[in-house]
Every structure is written in structure tokens, then in C-alpha cells.
1. Residues that are at pLDDT below 95 and touching a Leu at 6+ places or on another chain (Cβ under 7 Å): does region 43-56 have at least one?
2. Looking at region 153-174, which of its residues are farther than 19 Å from S190 by Cα and part of a loop (DSSP other than H, G, I, E, B)?
3. From D76, D11, which residue is open to solvent by 20 Å² or more (accessible area, probe 1.4 Å), at pLDDT 95 or above and under 27 Å from S138 (Cβ atoms)?
4. Looking at I150, I187 in this structure, which one is part of a helix (DSSP H, G or I) and β-branched (V, I, T)?
5. Starting from region 81-95, take each residue that is surrounded by fewer than 18 Cβ atoms within 10 Å (Cβ to Cβ) and list its partners that are part of a loop (DSSP other than H, G, I, E, B), counting only C-beta distances under 6 angstrom and pairs at least six apart or across chains.
6. Looking only at region 115-142, which residues are out of contact with any strand residue (DSSP E or B) (no Cβ under 8 Å at 6 or more places or on another chain), without any contact (Cβ under 8 Å) to a residue 60 or more places away in the chain and surrounded by fewer than 19 Cβ atoms within 10 Å (Cβ to Cβ)?
7. Would you mind stating whether D128 is at pLDDT 95 or above and not hydroxyl-bearing (S, T, Y)?
8. So which strands (runs of 3 or more DSSP E) stay within region 37-133 end to end and still have 2 or more residues that are of a type in the set (S, T, Y) and under 29 Å from C23 (Cα atoms)?
Amino acid sequence: MLNSITQLEFDLTSKCNAQCPQCPREQTNIKNLLEEFNSEEVTVQNIKDWFPDTLLRNLKSVVFKGSFSEPLVASDFMEIIEYFVRNTTAFISIHTNGSLRKPDYWYNLGKLLTDRGEVIFGIDGLSDTHSIYRRDTSFDTVIKNATSFISAGGNAIWKMIKFKHNEHQIDEAKELSRAMGFKSFLIKKSHRDSFNQPQNQKNAVE
């Protein structure tokens, strides 16, 4: 039965560098639990132990998405990607806020994933609106990292959550994504417009 597995999806940690206000992580009851969980993460040795060659033969897709986490927080993230690239023919999809690690790291990831995968960057607007919801991430850092990834031949997708405070920038963001070499631009409709904006950011968009 295990040999018939064709798709895997991972939460490598329970950690995230962002504090998006309506993420489940930011709910009080969940935050209390995360204090206990935050010391744990999946290692490359775990992956090797859990997924030997016999379980990888029919694998077609590996997704790093993070219901509660940011995949690139994981210390062994690159080594885990390398393991799946070397030992499978699966297509690898990584969903990320893109604001962790240095451009060199992203360049190496781009070289590794050329023709083998994609990275979906969560970029919710432009420099003056992106961090209103995706708090504790830097638009400039994300753009630098995405640029480095793309320059190495990586396939990048820009995914933008549409809010009232950034919807006027959709066309401009889409044009920027084309100029940078993103393969596609996705809009996700938000049901999260009712969060409290930090006062200085709220004033900036009024």
C-alpha cells in the first residue's frame, strides 16, 4: 500500500517568521499550543528514515505548504529538497513568504529546482501594502530573493491575496511580476478584510 503513494505534503515545522493577523497561528488558543511545539522540526534524517527508496518509486508530487508554518524556517530545508531531487522524479512545489534566507541561498535553490519544481511566493501587494497583512516580512527582501531564484532558472509564481487595501495595485503588481520573469501571477480572493491594521500602516493607505 505504501508503495502506491504518489503525493506528499509537508509541514516541516510549526514555526513561522511572519505574524499574519488571521493566520490560525495567531489565535490565542493555538498560540498557547505552539509554545510547546516550536522546538520541533522535521530533519533530513527523519525524511531518509521515513521515505526510503521503496516508498519513493511512484512519487509524482512533493508539496511544502505549511498550514501553520513557513517551510524555509526548517534548518534542513535545502538538504530535504536535495534528497527528493536526487531520489525521485517528483515535481516539487514550495509555498513561501520568501522573506527568509539570503539571495545566494535562493540562487542555489533555483539551480536545484530548474525543470523539477516551482516556488509560489506570497506577495500581497507592493512595497507600501505587502506587509500590512503579511506582517514581519519585507517586500524588498522577498523581491531580492525571488529575483535571485529566477536568475538561476527557477520557476516562480507570484500569488497575491486581494484585500481592499491592495486591490488597486493588482495591475501594477502583475506587470512587475512579468518584468521580473515570474512564470505566472495568481490572485486569491480574501475573506480576511476585517483584521486590525497597525495604525501607521493603516494611515499609509487611507
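The values are calculated or read from the model by the stated rules, or taken from the named source; none is laboratory data. What you are looking at is a predicted structure, and each value in this text was computed from that prediction instead of being measured. Note that each Cβ is placed from the backbone with ideal geometry, even for glycine, and that neighbours are counted across all protein chains shown. Ligands, DNA and RNA are stripped out before the accessible areas are found, and what is left, the full protein with its side chains, is counted by its heavy atoms. Shrake-Rupley method; radii C 1.70, N 1.55, O 1.52, S 1.80 Å.
1. Within region 43-56, one or more residues are at pLDDT below 95 and touching a Leu at 6+ places or on another chain (Cβ under 7 Å).
2. G153, G154, N155
3. After ruling out the rest, the residue left standing is D76.
4. It is I150.
5. As it stands, the answer is V85/R116, since those pairs meet every condition given.
6. Passing the criteria: D115, L126, S127, S138, D140, T141.
7. yes
8. On the way: elements: 61-64, 91-96, 117-122.
Passing ranges, in order: 91-96.
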